[in-house]
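What follows is a single structure, written as structure tokens, with notes after it.
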Amino acid sequence: MNSPAEIAKNYVGIGKGKVETPALKLFILGIMAGVFIGIGAIAYQTATATIGGSLGKLVGACMFPAGLALVLIAGSELFTGNCLLVIPLLEKEVKFSGVLRNWVLVYLGNFAGSIILALLVVFSHTPSQVDGALLDTMMSVANGKVSLSFGDALLRGIICNIFVCLAVWMSFAGKTVVSKIAGLYFPIMIFVLGGFEHSVANMYYLSAGIFANSVYGVGNAAVNWGAALVNNLLPVTIGNIIGGALIGVTYWFIYLRGAKKN
């Protein structure tokens, strides 16, 4: 197992590699991560619709970590995890312009992947399953997210990415597939169970809700692109950046600030 100090040191190199990745590769890897996180979201919603109630939410939360497991093990680029790029930035191994380039390209890729998956799910009429309960769940989730106040969405975004970046951090402690999944599992399960806000997961939830609203003629006027972007993704994204940066800055301060470089 890698110690926290070793993880911090290793991430400087990992982060530098992320920043130096060619733009097209970053975007494609971002698309893949958007699909992977969307797969976790599908698992959550299907469990919720099938089982229902508190038990359904618990089972869904236990299944959602599959999304981050795919991101980290299958290989892709996830915006929320890349908020840890503040570590190589503080080490002066990368420039802010490079970090910003990574964030923008990966974020757009994540959004594209989420939309692609949502289109496939909705236009295959998958929401019709479970006697329409899956459609009801998809619309309920989307409606709940666009109904949040800016402050609530921001704060839930901060809390969420604290958990996500801790999950990423813990996965780097492992040296096998099993240990990596074990490391990331509980922080992700807890953030989902707690109802916190993850921008990339929301890209899928909101896109699926908007497409389902149209395809099934639900008529929920509140679920639309304007509300999705302004009411949810904007504050949640800002919150995710703050939460992830808090973890990155904390670990940099503890393990790397003032340390001698080899």
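The values are calculated or read from the model by the stated rules, or taken from the named source; none is laboratory data. Note that the structure is a prediction, hence the values are computed from the model and not measured. Positions of Cβ are generated from backbone atoms using ideal geometry, with glycine treated the same way; all protein chains shown enter the neighbour counts. These accessible areas exclude ligands, DNA and RNA; they are computed on the full protein's heavy atoms, side chains included. Shrake-Rupley method; radii C 1.70, N 1.55, O 1.52, S 1.80 Å.
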What percent do you get for the relative contact order of the stretch 156-211 when only Cα pairs under 8 Å and 6+ apart count?
41
Helix 234-255: angle to the longest alpha-carbon principal axis of the chain, degrees 0 to 90, nearest 10?
30
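Can you pull a Stokes-Einstein diffusion coefficient for the stretch 94-246 at 10 °C (1.306 mPa s), Rh from Kirkwood over Cα pairs, as a whole number of µm²/s?
Values: Rh = 16.4 Å.
Diffusion coefficient, whole number: 97 µm²/s.
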Strictly greater than 23 Å: what percent of every Cα pair in the stretch 10-113 meets that?
35
Using the structure shown, select from LYS57/LYS175; LYS25/LYS145; LYS25/LYS95; LYS9/LYS92; LYS18/LYS180; LYS16/LYS95 the pairs with a Cα to Cα distance greater than 21 angstrom.
LYS57/LYS175; LYS25/LYS145
Rolling a 1.4 Å sphere over the protein heavy atoms, what is the accessible area per residue of the chain, to the nearest Å²?
43
Which one of TRP225, THR250, ALA33 is farthest out on the positive end of the charge dipole of the chain, using unit charges on Cβ (Lys, Arg +1; Asp, Glu -1) and the Cα centre as origin?
THR250
Distant alpha-carbon pairs in the stretch 155-219 (separation over 18 angstrom), percent
50
Just the number, please: carbon plus sulfur as a percent of the accessible area of the stretch 208-262, 1.4 Å probe, no ligands or DNA/RNA counted.
64
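Roll a 1.4 angstrom probe over the protein heavy atoms and tell me the percent of accessible area of the stretch 1-133 that is carbon or sulfur.
Details: 4040 of 5710 Å².
Exposed carbon and sulfur together represent 71 percent of the surface.
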Local net charge near VAL192, Cβ-Cβ under 15 Å (Lys/Arg +1, Asp/Glu -1)
+2
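Beta carbons within 10 angstrom, averaged per residue: use that to sort the peptides 215-223, 102-110, highest first. Before the final figure, lay out the partial values.
On the way: 215-223: 13.9, 102-110: 22.7.
Descending packing order for the listed peptides: 102-110, 215-223.
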Note on the stretch 27-79: alpha-carbon gyration tensor, axes a ≥ b ≥ c; rule is a/c under 1.5 for rounded, else prolate if a/b larger than b/c, else oblate; result prolate
Checked the stretch 1-51 with the C-alpha gyration tensor, a ≥ b ≥ c its square-rooted eigenvalues, rounded below a/c of 1.5, otherwise prolate if a/b is larger than b/c and oblate if not; verdict oblate
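For the chain, what is the mean residue ellipticity at 222 nm derived from helices alone (per DSSP H run of n ≥ 4: -39500 (n - 2.57); sum divided by total residues; nearest 500 deg cm²/dmol)?
Helix-only estimate at 222 nm: -24000 deg cm²/dmol.
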Can you give the angle from 0 to 90° between the axis of helix 133-146 and the longest principal axis of the chain, with both taken from C-alpha atoms, to the nearest 10?
60
Any idea what angle helix 96-123 forms with the longest principal axis of the chain, computed on alpha-carbon atoms, 0 to 90 degrees, nearest 10?
30
